[in-house]
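J.: Sharing a structure here in structure tokens format.
The values are calculated or read from the model by the stated rules, or taken from the named source; none is laboratory data. Keep in mind that this is a model prediction, so the values were computed, not measured. Note that we place each Cβ from the backbone using ideal geometry, even for glycine, and neighbour counts take in every protein chain shown. When the accessible area is computed, the model is the full protein with side chains, heavy atoms only, and any ligands, DNA or RNA have been set aside. Shrake-Rupley method; radii C 1.70, N 1.55, O 1.52, S 1.80 Å.
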Amino acid sequence: MATLIDAAEFTSNEVYQIQATDPVEGAASGASFSGTGISNQPHQQLANRTAFLKQRQDVNISKIGVLQAFQALFTGLMAQNGYLKIPVADINKGLIQYIIQWGMVNWGTKQSEGLYGPYSFPIAFPNAREVFMPVTLTPESPGHAGAGDDVAMVSAGNLPTTSQFWVWNNSPGPDSTDASQGFCWFAIGF
């Protein structure tokens with residue numbers, strides 16, 4: 001039994017409508033429609049369209065898989081201590097996930113000068129932490145501007161892991177009114 005050979009092509013308004021006066025004509029050398037024959041021509045055209053649509057569907061399915069994998073790279077946690085992962089085609093590193101994290105540490109009372117920690121990020125940075133910015137929760141007291149209520153990050157070289165950080169609480173003012181009672185922080189890495 002012979003079969004029609006599909007060719008993936010689509011042309012609108014092309015399916016031949018068999019007329020009442022058309023003779024029954026099957027495939028043969030010298031038959032109409034390049035040997036397909038009048039009776040087979042609509043079937044051939046529909047088979048070609050089906051092959052065309054199947055080919056397009058296969059391409060779409062593969063692209064949907066790529067898009068779903070890309071979408072899965074966007075994750076996050078919207079909370080007081082949270083994070084956001086964003087996939088980026090970095091010029092130097094290729095496809096990576098930028099990770100933006102934020103949080104707050106509230107000691108509840110003003111703390112004396114010293115090193116405090118370790119504190120944990122909501123998630124570890126798999127590769128590196130590029131930016132870390134702590135900001136004190138205690139504003140300057142009137143008349144003590146610049147007295148030293150800021151918190152400062154320990155240098156990146158001294159940070160033991162990409163999952164934790166330490167902060168230095170600077171010396172409070174002479175009457176301890178400027179001592180920090182905590183800090184907010186923001187970090188970027190990948």
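J.: Consider A27 carefully, then state whether it is within 19 Å of D6 (Cβ to Cβ), outside any helix (DSSP H, G or I), open to solvent by 30 Å² or more (accessible area, probe 1.4 Å) and not hydroxyl-bearing (S, T, Y).
T.: Answer is yes for this residue.
J.: When segment 30-44 is examined, which residues are found to be open to solvent by 20 Å² or more (accessible area, probe 1.4 Å) and part of a helix (DSSP H, G or I)?
T.: Q41, H43, Q44
J.: Within segment 1-22, track down each residue that is of a type outside the set (A, V, I, L, M, F, W, C) and exposed (fewer than 10 other Cβ atoms within 10 Å of the Cβ).
T.: Hits for segment 1-22 are T3, S12, N13, Q17, Q19, T21.
J.: Follow-up. May I ask you to list the residues in segment 104-118 that are open to solvent by 40 Å² or more (accessible area, probe 1.4 Å) and more than 31 Å from the chain's Cα centre (by Cα)?
T.: Of everything in segment 104-118, those that are open to solvent by 40 Å² or more (accessible area, probe 1.4 Å) and more than 31 Å from the chain's Cα centre (by Cα) turn out to be N106, W107, G108, T109, K110, Q111, S112, E113, L115, Y116.
J.: Could I ask something else about it? For residues that are part of a helix (DSSP H, G or I), surrounded by fewer than 14 Cβ atoms within 10 Å (Cβ to Cβ) and charged (D, E, K, R), tally how many sit in segment 47-103.
T.: 4
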